[in-house]
Amino acid sequence: MSLNSSLEAVGVDLNENSLPAGHRTVKNVKRLIAAVRAVEAGMLDEIRERDAKLHKANESLFMAQNRIAELEAKLRKYELARVLESNDKLSVAERTELIEHVG
């Protein structure tokens, strides 16, 4: 909700950011304050909603980054296992120990 529409809803007119001379009453100032507070509340609600969406997106990103790190570790372990399989100089126990150390 914009300030102008909020002011229209409470029946207050602003001329160049001030009340017209005949409208500078306590009643109109209270209406003006209520309209500004309504706009502020709307903006705060919008900020909260966007923060919640941002938090959810950050959680998804964090989970994706963890999954990527996990898959990269598995890939390194797999690649090492393939290299070690072709190397006959190491015993099976040594190969297993190297794979576990990397993983």
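The values are calculated or read from the model by the stated rules, or taken from the named source; none is laboratory data. Treat the numbers as computed from the prediction; the structure is a model and nothing was measured. Here the Cβ is made from the backbone with ideal geometry for all residues, glycine too, and neighbour counts use every protein chain on show.
Comparison of Glu8, Glu70, Glu46, Glu16 shows that the only residue that is of a type in the set (D, E, K, R), at pLDDT 85 or above and more than 30 Å from Glu100 (Cα to Cα) is Glu46.
Each row is one residue, and each column tells you yes or no for (1) touching a helix residue (DSSP H, G or I) at 6+ places or on another chain (Cβ under 8 Å); (2) polar (S, T, N, Q); (3) on the phi > 0 side of the Ramachandran plot; (4) modelled with pLDDT under 95.
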site	(1), (2), (3), (4)
Val29	no, no, no, yes
Ala52	no, no, no, no
Lys74	no, no, no, yes
Leu98	yes, no, no, yes
